[in-house]
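Below is one structure, written out as C-alpha cells; comments come after it.
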Amino acid sequence: MKSIKRLGSAPVSLPLSADNIVEFHAARLLLLISICGTGDRIDGLTKMAKLDFFVRYPDFFAVAKKYGAPEGESRAVESAMVRHHYGPWDKRYYHVLAYLESKRLIEIAKKRNSYLITLTDNGKEKAASLGKKPSFAALVDRMKAVKKEFGPKSGSTLKKLIYQLFDEEVGKKPLGEVIRR
C-alpha cells in the first residue's frame with residue numbers, strides 16, 4: 001500500500017487501484033470512527049472491523065438488518081476483506097491506523113484487552129470535512145445506517161452475528177481467504 005504522494009514514482013503502465021492507496025482507507029476509517037463510533041471513539045479493533053465489514057459489504061448488511069438496501073444504492077464490495085480468527089479483517093488496518101496516528105488524526109490507547117481508537121480534534125475536523133464532500137455521500141449514508149442498526153452492539157456481539165448469519169460466506173472460509181459477495 002502506498003501514499004498517493006508517492007505514486008509519481010510508479011511506472012505509468014501499471015494500473016492504479018484506490019484499494020492500494022493508504023489515504024483511501026484512512027478517509028473511510030476516519031468517517032467510520034466519526035459516524036459509527038460513540039463520542040468520536042470506537043472501542044476495540046474487533047468492533048471497528050465488524051462495523052467496517054457491514055459498510056464495505058452492502059449485501060451482507062442488507063441481510064443482517066432484515067431488509068434490502070435502499071433503491072439505487074451500489075451493492076458492490078468497496079474493498080475486499082479476508083477471513084481472520086475473529087471474523088472479517090483487513091490486514092491493512094495496522095498500516096492505516098499507524099498512518100492516521102502519525103498524522104495526529106487519531107489516538108490509540110490500550111484498555112485491558114482492547115484498544116480505544118479516538119479522533120483527535122484535527123481528526124474530527126478532517127472527518128467533518130470529508131463527510132460534507134459529495135463524493136463521500138453514499139458512504140456516509142451507509143455508515144449512518146450501520147450506526148443505527150449496530151452502533152450500540154459490542155465487537156464480540158457483531159462477530160457472533162456475522163458467524164451466525166454468514167457461516168458459509170465467512171465462517172467456513174479458510175483463514176486469509178478473501179470474502180466475496
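The values are calculated or read from the model by the stated rules, or taken from the named source; none is laboratory data. Keep in mind the model is a prediction, meaning the values are calculated, not measured. Heads up, the Cβs are rebuilt from the backbone with ideal geometry, glycines too, and the neighbour counts pull from every protein chain shown. Please note that ligands, DNA and RNA were not included when accessible areas were found on the heavy atoms of the full protein model with its side chains. Shrake-Rupley method; radii C 1.70, N 1.55, O 1.52, S 1.80 Å.
Computed quantities for the displayed model
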{"item": "Residue match in the stretch 157-169 (condition: aromatic (Phe, Trp, Tyr) and more than 15 Å from Trp89 (Cα to Cα))", "result": "no"}
{"item": "Meets criteria (open to solvent by less than 20 Å² (accessible area, probe 1.4 Å), out of contact with any strand residue (DSSP E or B) (no Cβ under 8 Å at 6 or more places or on another chain) and either at negative phi or hydroxyl-bearing (Ser, Thr, Tyr) (or both)) for Val140", "result": "yes"}
{"item": "Scan of the stretch 143-169 for residues that are open to solvent by 90 Å² or more (accessible area, probe 1.4 Å) and not in a helix (DSSP H, G or I), ordered by number", "result": "Pro152"}
{"item": "Matching entry among Ser114, Ser135 (being open to solvent by 70 Å² or more (accessible area, probe 1.4 Å), out of contact with any Lys or Arg (no Cβ under 8 Å at 6 or more places or on another chain) and small (Gly, Ala, Ser))", "result": "Ser135"}
{"item": "Residues (without any contact (Cβ under 8 Å) to a residue 12 or more places away in the chain and over 15 Å from Phe24 (Cβ atoms)) located in the stretch 124-139", "result": "Glu125, Ser129, Lys132, Pro134, Ala137"}
